[in-house]
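Chemist: Dropping the structure in here first, questions after.
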Ligand code: C2O
């Protein structure tokens, strides 16, 4: 009797797991299409299967997700990164070019295949340099049969917020990273979008409660977001459930997500605007006539007017630092390893403006870092082999890691770590300077968890996580301009465990595209398989400016040239200043 009962239980649980874990497959043909989402400019955008906006990926926790990608762009390599997913045991599916794969070459195909074991609101985007703001960015929702808040809502909505440019990223990037832009001013967006459009209307049923999953899929701008006369109750941020917490306005940086409950009114007497307002503090110069807001409406009665939003006196967003995670995970109070990252912006000897961690600007290695891990045996624990410009940090299995980020720059930066959520244990106000461990003794006992955190102007933030997920994980500012200017570090977590997980497991399509692009797949950062300490030929950043030649000097020179010769000044400066890129 007892035996047959346990048999029955075993069979039932097997059956349940079989029923629950589905395989969800998407076939994505990535190619250029035309779109005009703000009604002001038609332009090429990167679509999927001839469509843009691109589809929402939707799975249930526990599912296997397979995405078959065909790159039909013709002129650019591409990749897909599934932002916020841990990729536990499948680091090679993380989609970051130069880190876990080569670009998917034009004309070739590539399959992402992994299980999704975490619930919540995510997104997917190209992780080819500077590419996703051209349109290759969409929601990824992981439904959860055990969502602790599921009895609190009737329906779900997804709202993406973003900035939008009328120009393609390639010409914008060429200007951004040039001597003509020595101060590193980021191109200012031309408009803001919600669900890749404007003036979105959402029809609302009185009395219902909606779970609104909001995602900032933009390149640059954070958004202030509010719904007129409706309170938001935050229940999830970046895939971590929270204690339900009320907010009237939130601040959502590039790449962050907030799920909020919004309960509809019980009558249909009016419609209500909601607004995403880009944070103009990020913009060096706000162009005349820029509408930095995007508006939508909660429509209770389509025959009633949709009033323009009321003015707000001040932006006073909810401070996410006070959020408490639903699982009440306690503060990691014993730190095994501290990584200190001092951020600054400066010019190099090509005259362009770069971003630095600890005086090193990131340049991707010739060999994707994961492939270096997999091809170097016991030497994979030697940081040197990963190159001179990768800002590499090696972690031991299961240690508790603390990242101290000191922002020596007057800009706001949203920092994202692949493969993990982290506890945000300390975050300063503006202008607080560098973090001082001796003056910071008390931390929240159950700190908020996110995968993307705002670090304030000339301020600091401290994050902690446990190194329980072997892999090579990018840590970077999620302002796409700053990824290109080098605000990136490489976290190499438990390299020997990566080897035992993934040795001989990389599918051949991953290596094939490297072959097409002439990228080596083994050896150190320079592709040297014989002498791993010889980095000759590795990709390097330009050199430092000669002593006494300051960034200000370049700014002054360029501006006086511009003043003297108008646009010609810039061109003659190009001629005067040879571009010196170190190659070895
Ligand atoms: Cu949204 Cu490196 O990722």
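Only the coordinates and a few stated rules stand behind these numbers; no lab work does. Quantities reported herein were computed from a predicted structural model and do not represent experimental measurements. Positions of Cβ are backbone-derived with ideal geometry, glycine not excepted, and every protein chain shown enters the neighbour counts.
Chemist: Taking the DSSP beta bridges in the chain as the whole, what percent of them are antiparallel, to the nearest 5?
Modeler: 75 percent
Chemist: I need the P(r) histogram for the range 149-325: all alpha carbon pairs, bin width 10 Å from 0 out to the longest distance, whole percents.
Modeler: 9, 35, 33, 16, 5, 1
Chemist: Okay, next question. Listed highest first by mean packing, meaning other Cβ atoms within 10 Å per residue, what order do 201-208, 273-280 come in?
Modeler: The packing order, highest mean first, is 273-280, 201-208.
Chemist: Another question, then. Using a Förster distance of 56 angstrom, determine the FRET efficiency expected from the C-beta separation of residue 434 and residue 199, and round it to 0.05.
Modeler: 0.80
Chemist: Hey, with R₀ at 22 Å, roughly what FRET efficiency would residue 285 and residue 344 work out to, going by the Cβ-Cβ distance, to 0.05?
Modeler: The value I calculate is 0.50.
Chemist: What nm distance separates the two modelled labels at residue 263 and residue 381, each placed 7 Å from Cα along Cα→Cβ?
Modeler: Label at residue 263, label at residue 381, 5.7 nm between them.
Chemist: Right, another one. Where in the range 408-422 does the label zone of residue 335 land, with the point 7 angstrom along Cα→C-beta and an amide N cut-off under 16 Å?
Modeler: Answer for this model: 422.
Chemist: Would you mind computing, in nm to one decimal, how far apart the modelled labels at residue 66 and residue 156 are, each placed 7 Å from Cα along Cα→Cβ?
Modeler: The answer from the label model is 2.3 nm.
Chemist: I need the Kirkwood Rh of the range 385-438: take the reciprocal of the average 1/r across all distinct C-alpha pairs and report it in angstrom.
Modeler: About 14.0 Å, per the Kirkwood formula over Cα pairs.
Chemist: Extending each Cα 7 Å along its Cβ direction at residue 29 and residue 517, get the distance between those two points in nm, one decimal.
Modeler: Computed distance between label sites residue 29 and residue 517 equals 2.3 nm.
Chemist: In square nanometres and to one decimal, what's the mean projected area of the convex hull around the Cα atoms of the range 337-516?
Modeler: Taking a quarter of the hull surface, the average projection is 11.6 nm².
Chemist: Okay, next question. Kindly put 438, 375, 126 in sequence by how many other C-beta atoms sit within 10 Å of each C-beta, fewest to most.
Modeler: 438, 375, 126
Chemist: Run the Debye formula on the Cα coordinates of the range 486-535, all scatterers equal and no solvent, and tell me log10 I(q)/I(0) at q = 0.15, 0.18, 0.24, 0.31 1/Å.
Modeler: Taking Cα atoms of the range 486-535 as identical point scatterers yields -0.59, -0.85, -1.18, -1.04.
Chemist: Here's something else I'd like to know. Note down the relative contact order for the range 11-142 as a percent, whole number, built from C-alpha pairs under 8 angstrom at least six residues apart.
Modeler: So the answer I get is 28 percent.
Chemist: Under 13 Å from the 7 Å Cα→Cβ point of residue 246, by amide nitrogen: which residues of the range 254-268?
Modeler: 263
Chemist: While we're looking at this one, here's another question. Please report the relative contact order for the chain, taking Cα pairs under 8 Å with a sequence separation of at least 6, and give it as a percent rounded to a whole number.
Modeler: Across the chain, relative contact order equals 14 percent.
Chemist: Give me the number: length gained by fully extending residue 547 to residue 322, i.e. 0.36 nm times residue separation minus the C-alpha to C-alpha distance, one decimal in nm.
Modeler: Contour length minus Cα-Cα distance gives 76.5 nm.
Chemist: Please compute the alpha carbon radius of gyration of the range 157-225, then divide it by the globular-protein estimate 2.2 N^0.38 Å. Two decimals is fine.
Modeler: 1.50
Chemist: Just the projected area, averaged over all directions, of the convex hull on the alpha carbon atoms of the chain: how many nm²?
Modeler: Over all viewing directions, the chain projects a mean Cα-hull area of 30.5 nm².
Chemist: I'm a student and want to see the number: the projected area of the Cα convex hull of the range 65-158, averaged over all directions, in nm².
Modeler: Mean shadow area of the hull around the Cα atoms is 6.9 nm².
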